[in-house]
Each structure stands twice: as structure tokens, then as C-alpha cells.
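Working notes, beginning with the structure itself.
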Amino acid sequence: MLEGKNVNLRIVEKEDFPLVTEWLNNLDFFGEYNPLMQMSRADLQKMRENFDPDEKWFFIEKKDCSKIGNIGHRPVGRAQEIGYAVLPSERRKGYCSEAVKIMVDYLFLSKDIARVQAHTDVRNEGSQKVLGKAGFKKEGVVRKGAFFWGEWRDGCLYSILREEWKEPKILTRAK
Ligand SMILES: CC(C)(COP(=O)(O)OP(=O)(O)OC[C@H]1O[C@@H](n2cnc3c(N)ncnc32)[C@H](O)[C@@H]1OP(=O)(O)O)[C@@H](O)C(=O)NCCC(=O)NCCS
């Protein structure tokens, strides 16, 4: 488990698939800035089996152990890319910003990488604020980079370099 101040990140286990499937199939969870999809537990299992061994997903948990969202990382070339979502009822409380900071600390502390990156819809103001608060910089716009909800969408590519991160911000203890 990766410990932060208000949230912890706990790796998703196979036993958690029913909850993860429930969230994936809830259109409000990923919202209009992510792919529209529905998935059975078997689909999820198959998708996970085909993951790169270095792709990992974590629950964002509050200190009372309630699960309020997820955050994951996967290798893209020599970099790592992150993605995340928080349950609608727990948004705008600072939880995702903290989860991203924990994840960035973890990735730079555990992997010999030069950058962590994230893609987000140009209209996804909340996600871009989260990235800015965690020290990411906007690199540019990826025109028609994704097909979401019946239309091609422009996305923004954000990144933080190791030299910009400098040192751990939140992750002080892991167990
Ligand atoms: C984007 C998302 C993860 C943000 O999570 P969150 O826990 O609400 O984020 P935070 O509380 O850390 O918010 C960080 C800042 O963004 C602001 N913010 C959050 N959602 C916002 C929104 N929809 N519009 C404008 N600002 C928003 C917060 O007020 C906060 O600003 P502040 O520090 O000035 O007060 C959440 O809205 C979500 O799960 N959306 C659906 C899935 C998604 O889009 N994932 C990202 C894909 S790239």
C-alpha cells in the first residue's frame, strides 16, 4: 500500500473485479471524457491478462479504507502514462490531486524513467487542474486523438520530468 495524507493507493486484486466491473459499467464514473464502454467480469479478466506486466491499477482509498476511485500506470516507450477516476460523490475534495502526487512519487522512486505523462480531453477542466496541481506541464494538443461518445476528440498531452519533480512530495512511507 502507498500511504498519503488523506488517501492511500492499494493495488487492485482479482477479488476486487466485481467492484471494478460495477464502476466500469457506471457511465457517470468515467464520464464524457473517457471511452463509452461496458464490460463483463470475464472481459475484464481477459483484458488484465493481456496487460503489459508493468501496467498496474490501484484503488484510491480514504483513511477509513473506503474505495473512492482508481488510478493506474502503464509503460509508453520509456515513459509511464497514468489514468484515474474518482466516484462522483467524492469529487472536488482534493483526493485525485493527492493520488496523482503519490503515483508520481512512486513511479520516479521505483523506476528508471525520465518522465510521467497523461492524456486528457481538451475540455476536461477538472483533470487538467489535477495535473497542474501535481506539477505536470501541458506539452500540446493531440488533434482528434481519441473517439469518445460518438465523436473524435482533441486531447492534451501533459508530462512531468524527473528534474521538475525533484523529490517525493507525499509518499513518505510504503508498507
Ligand atoms: C477529473 C477527476 C478525476 C478529478 O477528481 P477530483 O478528486 O474531483 O479532483 P480534485 O478534487 O483533486 O480537484 C483538483 C482541482 O480541480 C477542480 N475540479 C475538479 N473537478 C472539476 C471540474 N469538473 N471542473 C472544474 N474544476 C474541477 C477542483 O475544484 C480542484 O481545484 P482547486 O484545487 O482550485 O480547488 C474527476 O472529476 C473524475 O473522476 N472525472 C471522470 C473521470 C475522468 O475524467 N478522469 C480523467 C481522465 S484523463
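Structure values in brief
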{"item": "Output for region 39-77, where each listed residue is within 18 Å of the chain's Cα centre (by Cα) and basic (Lys, Arg)", "result": "48, 56, 62, 67, 74"}
{"item": "Residue that is touching a residue at least 40 places away in the same chain (Cβ under 8 Å), near the ligand (Cβ under 8 Å from one of its atoms), in contact with a Leu (Cβ under 7 Å, 6 or more places away or on another chain) and not β-branched (Val, Ile, Thr), where the choices are 118, 85, 114", "result": "118"}
{"item": "Test: residue in region 107-122 that is surrounded by fewer than 15 Cβ atoms within 10 Å (Cβ to Cβ), among the hydrophobic types (A, V, I, L, M, F, W, C) and touching a Cys at 6+ places or on another chain (Cβ under 9 Å)", "result": "no"}
{"item": "Qualifying residue in region 125-138 (condition: in contact (Cβ under 8 Å) with a residue 60 or more places away in the chain and either surrounded by 14 or more Cβ atoms within 10 Å (Cβ to Cβ) or more than 9 Å from the ligand (Cβ to nearest atom) (or both))", "result": "yes"}
{"item": "Within region 49-65, tally of residues that are within 14 Å of the ligand (Cβ to nearest atom) and farther than 21 Å from residue 159 by Cβ", "result": "4"}
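Throughout, read-outs are computed from the coordinates displayed, never taken from laboratory work. No experiment lies behind these values; they were computed from the predicted model shown. FYI the Cβ positions are ideal-geometry reconstructions off the backbone, even for glycines, and counts take in every protein chain you see.
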